[in-house]
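So the structure is just underneath, and the comments pick up after that.
The values are calculated or read from the model by the stated rules, or taken from the named source; none is laboratory data. Note that the structure is a prediction, hence the values are computed from the model and not measured. All Cβ positions, glycine included, derive from the backbone under ideal geometry; neighbour counts span all protein chains shown. Protein only, heavy atoms only, side chains kept; ligands, DNA and RNA dropped before computing areas. Shrake-Rupley method; radii C 1.70, N 1.55, O 1.52, S 1.80 Å.
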Amino acid sequence: SFVFIEDFSKAMSQAGSSQFQEVIRQELEYSMKVELDKILATAHSNEIEHTKKDLEGFKKLFHRFLQEKGPSVDWGKIQRPPEDSIQPYEKIKARGLPDNIASVLNKLVVVKLNGGLGTSMGCKGPKSLIGVRNENTFLDLTVQQIEHLNKSYNTDVPLVLMNSFNTDDDTKKILQKYSHSRVKIYTFNQSRYPRINKETLLPIAKDVSYSGENTECWYPPGHGDIYASFYNSGLLDNLIAEGKEYIFVSNIDNLGATVDLYILNHLMNPPNGKRCEFVMEVTNKTRADVKGGTLTQYENKLRLVEIAQVPKAHVDEFKSVSKFKIFNTNNLWIALSAIKRLQEKNAIDMEIIVNPKTLDGGLNVIQLETAVGAAIKSFENSLGINVPRSRFLPVKTTSDLLLVMSNLYSLNAGSLTMSEKREFPTVPLVKLGSSFTKVQDYLRRFESIPDMLELDHLTVSGDVTFGKNVFLKGTVIIIANHGDRIDIPAGAVLENKIVSGNLRILDH
């Protein structure tokens, strides 16, 4: 490449004339095209077609990345959404359900975003295969939920998994175990894009392979890729041909994202006769959610604004719970016909998320991504629904895992609901230290999951283990300093306690 640029955006802003900037842009695009052509040339005949589609999609994204500057929202134009554009869930529920709920359900497809690995929790394979409750994985629970729906209403709601090249093989092996379940399961793969060297802005991959040492050269470009991949896979057209009308999309690790019949009915039988093409479930922010994307009114359209798009001077305002009261749960209901129409017109507009990474060898790369909810502004008649917090129960860390494994929740037909024995509807705040980060370490440290029905706050730090049948109540803080170890004995009841120092329970 003819030029190495330390910080591309800085160079762009310093470059005086727009003509000079345009020359640089064209050079970078040309260099990128040359590199991508070299990569494509290494593909086997059976890979050429989909590799070409992937690289074309990437080229479009890269082109937009070079065109856009800085955070992509003009803060002055951001307004609070109009009252009627975000409806309270209670109002939608109050309409009740029609007698023919089965005919409404038969128009639905459940899509789970299944591209992620369990690396943040120390697991190698797909995150969806981590055991969450009584040996059941995220995927097991999802299949059980839909099977229960299909049996209860005698319907045929299919499950579609959007895999990535990271999760596809392992997921497909596991799917064989559901071959007798009453759920049709389909999969399609999201695109595979090349990571870019942050300094040269060229791909680090030299050929098309993505195994062995090449695994770090490629990435799945975020869940915004669902529209193009779903369409390109042919599955979208097949489902439309079968008479399906809406998809319900959510992250597979959000255990609160079950099919809601009231929302579905609102979509299929809108009170004003005009159907929504896109519904985003939002929920009230707490102080723990300050980074979540929020719905705003922008140029007369509902628009999702993520923290990465906010100019630095306004980040605190964005995080405030008083101005932006809600955030996006990433539970979305989208009309299939609208996806097809917009995809064919190339009219789905999503902001680019630039995600910087440092590889194991120290190389700085960037990956260009998009988010599925950001497309809301491209659809007609979009709506936000302010749902109860119980519909947002993501398991991102072992601290989250502890909550969903505990007696705070009861499991019924794949769905978790807050135990009626808990006196207040909020979840305790749990912070487990780094000794608990990996699932296998976490499991080793609990002989059984403590009773947490009366817990408000738990902080654990250092080398701590829990015996069987421990009760945690109120605020409990357990801190083992470096070199110390604390064993909480079986049957212990800790209520509003701070435990620190060294506590070994020795067998005699």
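Listed by position, the strands (runs of 3 or more DSSP E) inside segment 101-174 whose residues that are touching a strand residue (DSSP E or B) at 6+ places or on another chain (Cβ under 8 Å) and closer than 22 Å to Asn330 by Cα number at least 3 are 108-114, 159-163.
Whether a residue is free of Cβ contacts under 8 Å to residues at least 40 places away in the same chain, of a type in the set (Ser, Thr, Tyr), surrounded by 16 or more Cβ atoms within 10 Å (Cβ to Cβ) and at negative phi was assessed, and Ser415 does not pass this test. When segment 327-386 is filtered for residues that are over 19 Å from Tyr89 (Cα atoms), more than 18 Å from the chain's Cα centre (by Cα) and of a type in the set (Gly, Ala, Ser), the ones remaining, listed by number, are Ala335, Ser337, Ala338, Ala347, Gly361, Gly362, Ser378.
Every residue, every condition in (1) among the charged types (D, E, K, R); (2) surrounded by 12 or more Cβ atoms within 10 Å (Cβ to Cβ), yes or no:
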position: Met32; (1), (2): no, yes
position: Glu56; (1), (2): yes, yes
position: Lys59; (1), (2): yes, yes
position: His63; (1), (2): no, yes
position: Gln67; (1), (2): no, no
position: Gly76; (1), (2): no, no
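Screening Thr42 against (1) open to solvent by 30 Å² or more (accessible area, probe 1.4 Å); (2) within 20 Å of the chain's Cα centre (by Cα); (3) of a type in the set (Ser, Thr, Tyr) leaves a single unmet condition, (2). Restricting attention to segment 295-312, the residues that are open to solvent by 20 Å² or more (accessible area, probe 1.4 Å) and either out of contact with any helix residue (DSSP H, G or I) (no Cβ under 8 Å at 6 or more places or on another chain) or of a type in the set (Val, Ile, Thr) (or both) total 4. Look through Leu236, Leu267 and report the one residue that is in contact with a helix residue (DSSP H, G or I) (Cβ under 8 Å, 6 or more places away or on another chain), at pLDDT 95 or above and of a type outside the set (Lys, Arg). None of the others qualify; the one that does is Leu236. For the subset of segment 176-203 comprising residues that are among the aliphatic types (A, V, I, L, M) and closer than 25 Å to Arg25 by Cβ, which member is surrounded by the most Cβ atoms within 10 Å (Cβ to Cβ)? Among those that are among the aliphatic types (A, V, I, L, M) and closer than 25 Å to Arg25 by Cβ, it is Ile196.
Can you say whether Ala374 is surrounded by fewer than 21 Cβ atoms within 10 Å (Cβ to Cβ), in contact with a Lys or Arg (Cβ under 9 Å, 6 or more places away or on another chain) and among the small types (Gly, Ala, Ser), as far as the supplied structure shows? For Ala374, the condition - surrounded by fewer than 21 Cβ atoms within 10 Å (Cβ to Cβ), in contact with a Lys or Arg (Cβ under 9 Å, 6 or more places away or on another chain) and among the small types (Gly, Ala, Ser) - is not met. The requirement of being of a type in the set (Lys, Arg), within 29 Å of Gly57 (Cα to Cα) and surrounded by fewer than 22 Cβ atoms within 10 Å (Cβ to Cβ) is satisfied by Lys173.
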